[in-house]
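Peer 1: Attaching a single structure in structure tokens format; questions to follow.
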Amino acid sequence: MSVLTDLIYAGSNAVMGLTEGAVKDAVAKYGQEQAIAFPDTAYFLPTIYAATGVKVKNLGDLDACLNVMRSLITNEDDLGKALNAGLATAVGAEIIEALKYVNAEGADPYADEKGIGFVSDPIIRSLGVPLVTGDIPGVAVVLGKADDPADAVKIVKDYQSKGIMTFLVGDIIDQVIDGGVKTGLELRVIPLGHDVTAVTHVVTVAIRAALIFGSIQPGDLAGLLAYTKDRVPAFVNTFGALNEVVVSAGAGAIALGFPVIADVDLAENQVEGALISVLDHTETVKKTLEARNIKIKVTEIPIPCAFAAAFEGEIIRKKEMYAEMSSHKNTTCEVVLKRELDEVEDKKLTLVGPDIDEMPAPVELPLACVIEVAGAKMQEDFESVIERKIHTWYNYMEGVMHTGQRNQFRIRISNSAYEAGLRLKDFMEVLYDMIMNDFDTVVDKCQVTLYTDANKAKEVLDTVAIPKYDARDERLEALTDENVDQFYTCILCQSFAPAHCCVVTPERLGLCGAVSWLDAKATKELDPAGPCQPISKEGCLDPVKGIYPDADRMVMEASHGALEHITLYSIMEDPMTSCGCFECICGIMPEANGVVICNREFKGMTPTGMTFGELASMTGGGVQTPGFMGHGRHFISSKKFISAEGGIARIVWMPKELKDDVAPRLNKTAKELLGIDNFTDMICDETIAEESEAVVEFLTEKGHPALKLDPIM
Ligand code: SF4
Ligand code: ZN
């Protein structure tokens, strides 16, 4: 037998033994009936569920899993079979990790560790859009202990600067943290745990992606392995000597299609494209990305601090802050204006007023930002699309935090960014470079002016920005499904959900919440053959349900024949499909003759008896599921929200946070459509009732309009 297969089997057999022992101990302590589950997932023990269809709910169910493990470890001298034994290791690791949650008896077993443990379903769903847009170009698993910690730090920082999501397992966690790398989900460097088995927490992310977005049926092992190989851009870097358990876990990764790059000499045991030795750490990142065929789009911006998507979630606290431009204290606004070509001088960057180094700390300044763009293909409708990106681009700067938009925002610049030399003139450089980079198809010339002079800033706010915002709001208000000529498809999510297609209309934004009709229109202009294509409104067959022949045709084409009919406004008849990254899920509550809406952030139970994750798992992967529909937050106040079934009058329950968030707009729509004041007071939430009977009681007491509508099903 080859050294490699030998090692894999040795590892798998060792994990088999450990798992058997752990299960036996747990059963002895808690009994067969003891529940076992990871927190906040609808997919049980995901690896086992996806591979076999077995829904593990209590310790007694684990016997069957141990049998599956045994059957995978054939000890035959064949690399393919040995890789299957690697999958057994993955199953064993999953069981061992799940048992930690049982042994912690309700507490978080990772609470005292530098690790996060299990990654919940809602987090995976939230990663959908950044993954499909390439904002997160890959997923790294970095495991072990580096001989020289500085090398590990360098590699992790390099991944971070490329936007790669990096999961850490083992002692490397401490090495990286001690080396000064800030960790956390929002910074894309995520410690999972110190035991090798913690690697399961990234494996189940890949596996749940297949279930959530790919519509892979539980038990379809071949489909699962094809999905992870083709669509999950993950890979493994190991540091330090390899023991048999690491090797067999690596075999599991290879079976899933993830190449393993080790920093030890594997000599003839290397497997082309799958198991590779890279001894020189300065080559690790490059060779790894090549092995997984990940191409990084770099935007080199000449500023004195790092500029990368990984810094988007960075928070700058008061004590770390050097300068602040905040609407609470000073005049602020940011506005993009379309101008004629002869009105713009390309790359003219002007600062009117002092920069942050021209006054004593602590620096507090007004800031009015005027970006003027011109181009043959530029349209006024694209102004707001570009303007919304300012937030993202500013946040890409390491040491800069931006929240809010328009004339309500806050910018903080950290001490270290200031010391590195970052100034407001660099902000203009970022805006100019990124606009010319991302919007080059429509923008030929761009000039930027920042006003930190208080009087000038106020003048810009009053005479330029506010009138512009008002005019835009008026336009948006008037922008209805009836008065545009076309809708758009969006198939961006097809890289994960191959059969899914959103239909984006002025009154129904994409279910991710990130693509409005204006965005789709701009995307079509920027990338004519790209993900957003026009849908003609001609020959409407049913304006109430929203049935258009061209929508059917486009969706049929986009879904490769999987879907034949789609309605834009019905949840019961041919509803729009979901990919999986939706902000909210809407589901029928028959007892209340209405619908429940739950947002991704809500962790509690809904009156349907299902959590967000459970409701969400009812649909997705581009499949139509009448009675369930994913959608964006903004859609809740739309006049087109399930208008075929009676519209917003059907909304009977929402989590309080969501209800409060959408209240101003939803109440306005309710007043207009239903003649009801403060409609959200009639909608139940978790602080009022969670049980279905009590919800109905509340609705009856309030005279909720859903109760008087035709039966919803
Ligand atoms: Fe994905 Fe739909 Fe959003 Fe496009 S609009 S990114 S397809 S969820
Ligand atoms: Zn999506």
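Peer 1: Which ³J(HN,Hα) values, rounded to whole Hz and listed in residue order, are derived for the range 125-131 from phi using the Karplus coefficients 6.51, -1.76 and 1.60 in 6.51 cos²θ - 1.76 cosθ + 1.60 with θ = phi - 60°, glycine and proline given as x?
Peer 2: 4, 5, 7, x, 5, x, 6
Peer 1: Heavy atoms only, probe 1.4 angstrom, no DNA, RNA or ligands counted: give me Leu492, Leu192 ranked by accessible area, highest first.
Peer 2: If we order Leu492, Leu192 from most to least accessible, we get Leu492, Leu192.
Peer 1: Leaving out ligands and nucleic acids, and using a 1.4 Å probe, what accessible area per residue does the range 300-389 come to in Å²?
Peer 2: So the range 300-389 comes to 47 Å² accessible per residue, rounded to a whole number.
Peer 1: Right, here's the next one. Would you grab the residues whose amide H sits under 5 Å from the one on Met589? Only those 5+ places off in sequence or on another chain, please, with H modelled 1.01 Å from N.
Peer 2: Amide H neighbours of Met589, under 5 Å, 5+ apart: Gly594, Val595, Val596.
Peer 1: Continuing with this model, one more query. Express in nm, to one decimal, how much length is gained between Leu279 and Leu707 on full extension, taking 0.36 nm for each residue of separation and deducting their alpha carbon distance.
Peer 2: Using 0.36 nm per residue and subtracting the Cα-Cα distance, I get 147.2 nm.
Peer 1: Out of every Cα-Cα pair in the range 285-399, what percent are more than 19 Å apart?
Peer 2: For the range 285-399, the share of Cα pairs beyond 19 Å comes to 65 percent.
Peer 1: Could I ask something else about it? Summarise the accessible area of the chain (1.4 Å probe, protein heavy atoms) by the percent that is carbon and sulfur.
Peer 2: Reported share for carbon and sulfur atoms: 52 percent.
Peer 1: With every protein chain present, what accessible area does Met618 have (1.4 Å probe, heavy atoms only), rounded to the nearest 10 Å²?
Peer 2: Estimated to the nearest 10 Å², Met618 gives 80 Å².
Peer 1: Provide, as a two-decimal number, the C-alpha radius of gyration of the range 3-291 over 2.2 N^0.38 Å, N being how many residues it has.
Peer 2: This ratio for the range 3-291 stands at 0.93.
Peer 1: Follow-up question, since we're still on this one. Mind checking the full-extension length gain between Asp158 and Asn58? Use 0.36 nm per residue of separation minus the Cα-Cα distance, one decimal, nm.
Peer 2: Full-extension gain reported as 31.8 nm.
Peer 1: Measure out, as a whole number of angstrom, how far apart the alpha-carbon centroids of the range 625-695 and the range 247-272 sit.
Peer 2: 51 Å
Peer 1: Please work out the Cα center distance from the range 299-340 to the range 95-134, rounded to the nearest Å.
Peer 2: Spelled out, the Cα-based centre of one part sits 31 Å from the other.
Peer 1: Of Met436, Cys502, Ala37, which is farthest on the positive side of the dipole of the chain, counting Cα position, with +1 on Lys and Arg Cβ, -1 on Asp and Glu Cβ, and the Cα centre as origin?
Peer 2: Toward the positive end, the furthest listed residue is Cys502.
Peer 1: Using the Cβ atoms and a cut-off under 13 Å, what net charge is assigned to the surroundings of Gly561, where Lys and Arg are +1 and Asp and Glu are -1?
Peer 2: Spelling it out: positives minus negatives among the neighbours equals -2.
Peer 1: Rank these residues by their accessible area, most exposed first, probe 1.4 Å: Met605, Met610, Met713.
Peer 2: Largest to smallest exposure gives the sequence Met713, Met605, Met610.
Peer 1: Next question, about the same structure. Once fully extended, how much extra length lies between Met556 and Arg317, figured as 0.36 nm per residue of separation less the alpha-carbon to alpha-carbon distance?
Peer 2: Full extension of this stretch gives 81.1 nm more.
Peer 1: What ranking do 209-218, 265-274, 242-251, 326-335 get when scored by the average of other Cβ atoms within 10 Å per residue, highest first?
Peer 2: Packing proxy ranking, top to bottom: 242-251, 209-218, 326-335, 265-274.
Peer 1: Are any of the pairs Lys389/Lys671; Lys114/Lys145; Lys182/Lys603 more than 23 Å apart by Cα-Cα distance, and if so, which?
Peer 2: Lys389/Lys671; Lys182/Lys603
Peer 1: Probe 1.4 Å, all protein chains in place: accessible area of Ser161 in Å², nearest 10?
Peer 2: The value for Ser161 is about 60 Å².
Peer 1: Taking the Cα centre of the chain as the origin, how large is its charge dipole in debye, to the nearest 20, when only Lys and Arg (+1) and Asp and Glu (-1) carry charge on their Cβ atoms?
Peer 2: My answer is approximately 440 debye.
Peer 1: If you bin the C-alpha pair distances of the chain every 20 Å from 0, what whole percents do you get?
Peer 2: 16, 45, 34, 5, 0
Peer 1: Also, I was wondering about something else. Distance cut-off 23 Å, Cα to Cα: go down the list Lys425/Lys521; Lys162/Lys338; Lys318/Lys456; Lys297/Lys425; Lys55/Lys656; Lys640/Lys668 and report the pairs above it.
Peer 2: Violating the 23 Å limit, Cα to Cα: Lys425/Lys521; Lys162/Lys338; Lys318/Lys456; Lys297/Lys425; Lys55/Lys656.
Peer 1: Starting from a Cα-only point model with no solvent, please compute log10 I(q)/I(0) by Debye for the range 171-269 at q = 0.10, 0.11, 0.21, 0.24 1/Å.
Peer 2: -0.33, -0.39, -1.18, -1.32
The values are calculated or read from the model by the stated rules, or taken from the named source; none is laboratory data. All of these numbers come straight from a predicted model, not from anything done at the bench. All Cβ positions, even for glycine, are placed from backbone atoms using ideal geometry, and neighbour counts span all protein chains on display. SASA here: full protein model, heavy atoms, side chains in, ligands and nucleic acids out. Shrake-Rupley method; radii C 1.70, N 1.55, O 1.52, S 1.80 Å.
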